[in-house]
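The values are calculated or read from the model by the stated rules, or taken from the named source; none is laboratory data. What you are looking at is a predicted structure, and each value in this text was computed from that prediction instead of being measured. In this analysis, Cβ positions are derived from the backbone assuming ideal geometry, glycine residues included, and neighbour counts consider all displayed protein chains. Areas reflect the complete protein model, heavy atoms only, side chains present, ligands, DNA and RNA absent. Shrake-Rupley method; radii C 1.70, N 1.55, O 1.52, S 1.80 Å.
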Amino acid sequence: MTTETLAKPLMFDLWRQNHYIYKDKYTSHQASYIENLLPEIAVQINIYEILDILQRRLGTETLQRALDPNQVVQSPVSHYPDGRWLKQSNMVGVNVRTVGNFFNVIKYALTLPKSQDSIHLLPIWEPGVVGSLYGMTSFNINPHFFSQELATAIPQLNSVEKQLTAVVNVLHAMGKSVGMDVIPHTDRFSEMAIANPRFFEWVRRVGGRITSHSETLYREIEEIIWLYLHRHGTANGTPLSYSRNVFFSPEIPILTDEQRLEILFGHKTDYQGRLRRRIEIMQDIVYQGYETLPMTMAPPYRGLHIKNEEYILDGNGNRWYTYEFDKPQAMSRVFGPLARYKFYHSKDDNAHWKLDFQHPNKYVWNYLCQKIYECQQAYHFDFMRGDMAHVQPRAEGVPATIDDYYDPLRAVKKYVQNNGVPYFGFFAETFLAEPDSMSYGDERQHLEAIEADSTLGDLQSTIVGSAEYMHKFANYRAWLRNQRFAPCYTLITADRDAPRFDVFYQTGNHLRFFMGLFLTDMPSYMSLGFETRNLHLERGPNEEYSKLYVFEIKDQNETDKVTNGLFSWGKNFEQFAIFEQIRALAENIWDEIKTREVRWLLEPHEQQKLMVWTLQDNAKYVFVANLDASQPIDDHVLKEVTFNHPLTLLFDTAHYSAQHECRVYALN
């Protein structure tokens, strides 16, 4: 019998025998989370038991207010003057699809202590091709995240929008800040692209050859859509008593965006009707040889052609060709199903694929800023994760002067802050890559320019203690001191929870978690499921990887991506147990140590893998982490760096693993 199979009944028995004790500790404020509650058990707890737990913890009045979609529970970070609080936040990313619905996010949050204080919700919008969360088709909330269980228990929460409002309220009452994804692109034939053709770039092709990528192709798209409306009528039955230009032009604001969408597609609650009309319009556009220009990543960003022998044939008989760069570089990528907003007009009618950065498409900037602000106001999000924040397409690098139209994510952050939400934070998706690799110029300069509060970084893509890990970690610590943004100590992301990255998480996971909490001057990020993630010494079933739930692929021929049924929580109960012990330690000392600056007693570098630290203005504790998998902790070195000061061992991980031992001492 393996240690894993032994651990499973122990963990379940521990919960079954003591669950009332753990719940009572939470509801009586002796603990900030429900101890030893496995996430897979948490999301299955009956709603009435959850409501009872919350009522006892929060009080009847607070819970009632939180569950009223017309009420607002104040955010725990709303007193901050800006978004710098994110620089020391320990964030947990949640793909709502993996837990099933919005209400189950609350159930999962019951397992998170106060030391993990922020929740990032992966995209919450209606998804596009292959169900991609990052290929949004509208600014409507994903109806699949609706909880029937919640609607049955509380009938007033009878829409997914009301449920999201209530869930954010409850999370705020639980002491968690909540963030959303801001995505500067959409599905290639999203409602946004069809309702606003001039907000996107288009190409005309004949077979597998681009025949035009003119700046003004949007006019031809508008004509196709206008003719569709005359043939099929408006979706809401209103007459077309205005011109095509009045309908489409942002310069003539007679129609609101909501009115335009209802005319084209119908009421937002008519999901199937909207989908049918969107596909019909898409078919008309594609039949005449037009499609949106695919989104790209990394230099040179521009200059594409079609690889005419490669295409996918969809169920409607459409050929979706593969696009390639004319002059690709190492990190160049084309995302065929996605289309980026046209933030800038082009030079010379796009004849040479050159953008005119002095000529921003201001209506697009206003549109995106307003849409995100409306969402923030509706659901009271505290921060945004800026998707693809590394995009910097100016070949000369970051300009000396940063204006209002330098970067759309920067513009969104400032728009929300300037409209009454000064504490709104910006968590940037950048990987702190080498200059001129994932963006033109130096990514650090770009992060400063876009006024990011924190950034993801790329520690999650390295093996603990490897030369690459040590190099990146040393850089991140240095940048934490001398840059305005804070690099994250990232444990794992949903993007890295995929088979090809298994090797990163086969050792050292407890050390990642330990450092994520006890490097108290550095933000951290962990995606849902890491607590019990299987080691995957061999590839696991697709359902065990949360990355594959960013999409909804049901084609059984796509064996590496197809998922059948719900996300399967890992069974690494030994890892969960050591995480719980680390959480319990943090719980006991958190109010003494949170946000304090690290003071190194033994600072790590590429040749020094033992790290020892205490905290500024509170040298009561000594933290030790061994990044060397091949060597134990040298106690002589430890005594030397602590000046032979008497130490009392409070915690260590030697009982869990001889590798990557972590310890906490109290100074006597």
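With the largest listed first and rounded to whole Å, the semi-axes of the equivalent ellipsoid of the chain from the Cα gyration tensor are 44, 29, 24. Angle of helix 362-379 to the longest C-alpha principal axis of the chain, folded into 0 to 90 degrees and rounded to 10: 50°. Accessible surface ranking for 29, 19, 1.4 angstrom probe, highest first: 29, 19.
Calculate, for residue 84 and residue 244, the FRET efficiency according to 1/(1 + (r/R0)^6) with r their C-beta to C-beta distance and R0 45 Å; round to the nearest 0.05. Before the final figure, lay out each step's value.
Working: r = 47 Å, r/R0 = 1.05.
It comes to 0.40.
Over the range 564-645, accessible surface divided per residue gives 48 Å², non-protein components excluded, 1.4 Å probe.
Annotation: extensible slack from residue 366 through residue 210 equals 53.1 nm (criterion: 0.36 nm per residue apart, minus Cα-Cα distance). Calculated accessible area for the range 275-346 comes out at 47 Å² per residue, all protein chains present (probe 1.4 Å; ligands, DNA, RNA ignored).
Using a simple spin-label model with pseudo-atoms 7 Å out from Cα toward Cβ, residue 559 and residue 543 lie 1.9 nm apart.
Cross-link pairs exceeding 31 Å between alpha carbons, from the set 176/620; 87/620; 23/472; 162/594; 414/594; 472/594: 23/472; 162/594.
Leaving out ligands, DNA and RNA, what percent of the accessible area of the chain is carbon and sulfur, probe 1.4 Å? C and S atoms contribute 49 percent here.
Students often check this: by mean Cβ neighbours within 10 Å, which of 79-88, 126-135, 523-532 ranks highest, and how do the rest follow? Mind showing how you got there, number by number?
Working: 79-88: 18.0, 126-135: 20.9, 523-532: 25.2.
Top of the packing list down: 523-532, 126-135, 79-88.
What is the Rg over Rh value, at two decimals, for the range 280-377, using alpha-carbon atoms and the Kirkwood definition of Rh? Mind showing how you got there, number by number?
Working: Rg = 15.9 Å, Rh = 15.6 Å.
When Rh is taken as the Kirkwood radius, the ratio is 1.01.
The stretch between residue 276 and residue 433, if pulled fully straight at 0.36 nm per residue, gains 52.3 nm over its current Cα-Cα span. Note that the range 57-203 presents 26 Å² accessible area per residue, ligands and nucleic acids not counted, probe 1.4 Å.
Over the C-alpha trace of the range 48-104, radius of gyration and Dmax come out as 14.6, 38 angstrom.
Hey, got the dipole for the range 542-668? About the Cα centre, +1 on K and R Cβ, -1 on D and E Cβ, debye to the nearest 20?
On the way: 12 positive and 21 negative charges, 52 e Å.
Its charge dipole is roughly 240 debye.
The peptide list 193-205, 217-229, put in order of mean Cβ contacts within 10 Å with the highest first, becomes 193-205, 217-229.
Partners of residue 554 within straight-line reach, counting aspartates and glutamates whose Cα lies under 18 Å from its Cα and excluding those fewer than 8 residues away in the same chain: 126, 314, 543, 544.
Among beta bridges from DSSP that stay inside the range 311-433, the antiparallel ones total about 55%. When all alpha carbon pairs of the range 534-629 are counted in 5 Å bins from zero, the resulting P(r) reads 2, 10, 13, 13, 12, 11, 11, 11, 9, 5, 2, 0 %.
About its Cα centre, the dipole of the chain is roughly 680 debye, where the only charges are +1 on Lys and Arg Cβ and -1 on Asp and Glu Cβ.
Backbone geometry of the range 319-326 corresponds, through the Karplus equation with coefficients 6.51, -1.76 and 1.60 at θ = phi - 60°, to 3J(HN,Hα) couplings of 9, 9, 7, 7, 9, 10, 6, 5 Hz, x marking Gly and Pro.
Can you say what percent of the DSSP beta bridges in the chain, counting only those with both residues inside, are antiparallel? Round to 5. Please list the in-between numbers first.
On the way: 43 of 70 bridges.
Of the beta bridges lying entirely in the chain, close to 60 percent run antiparallel.
Rounded to the nearest 20 debye, the dipole size of the range 1-121 about its Cα centre is 160 debye, using +1 on the Cβ of Lys and Arg and -1 on the Cβ of Asp and Glu. Taking amide H positions as modeled 1.01 Å from N, with prolines and chain starts lacking one, the residues under 5 Å from residue 124 and 5 or more places away or on another chain are 181.
Residues with beta-carbon under 15 Å from that of residue 317, excluding residue 317: net charge, scoring Lys, Arg +1 and Asp, Glu -1?
Values: positive: 319; negative: 280, 284, 291, 314.
Net charge in that neighbourhood comes out at -3.
Run the helix sum for the chain: -39,500 (n - 2.57) per DSSP H stretch of 4+ residues, divided by residue count, reported at 222 nm to the nearest 500 deg cm²/dmol.
Working: 20 runs with 220 residues, N = 668.
Dividing the helical sum by the residues of the chain leaves -10000 deg cm²/dmol.
For residue 347, the aspartates and glutamates whose Cα comes closer than 17 Å to its Cα, not counting residues fewer than 8 places off in the same chain, are 201, 215, 356, 396.
Could you give the length gained on full extension between residue 149 and residue 130, defined as 0.36 nm per residue of separation minus the Cα-Cα distance, in nm?
Working: separation 19, 0.36 × 19 = 6.84 nm, distance 2.67 nm.
Difference between extended and current length: 4.2 nm.
For the range 350-361, backbone phi angles converted through the Karplus equation (6.51, -1.76, 1.60; θ = phi - 60°) give residue-by-residue couplings of 6, 4, 10, 6, 9, 8, 9, 6, 8, 10, x, 7 Hz, Gly and Pro being listed as x. Taking label points 7 Å from Cα along the Cα-to-Cβ direction, residue 603 and residue 223 give a separation of 6.6 nm. Give the separation of the Cα centroids, the range 312-351 to the range 99-176, in Å. Using only Cα atoms to place each centre, the spacing works out to 32 Å.
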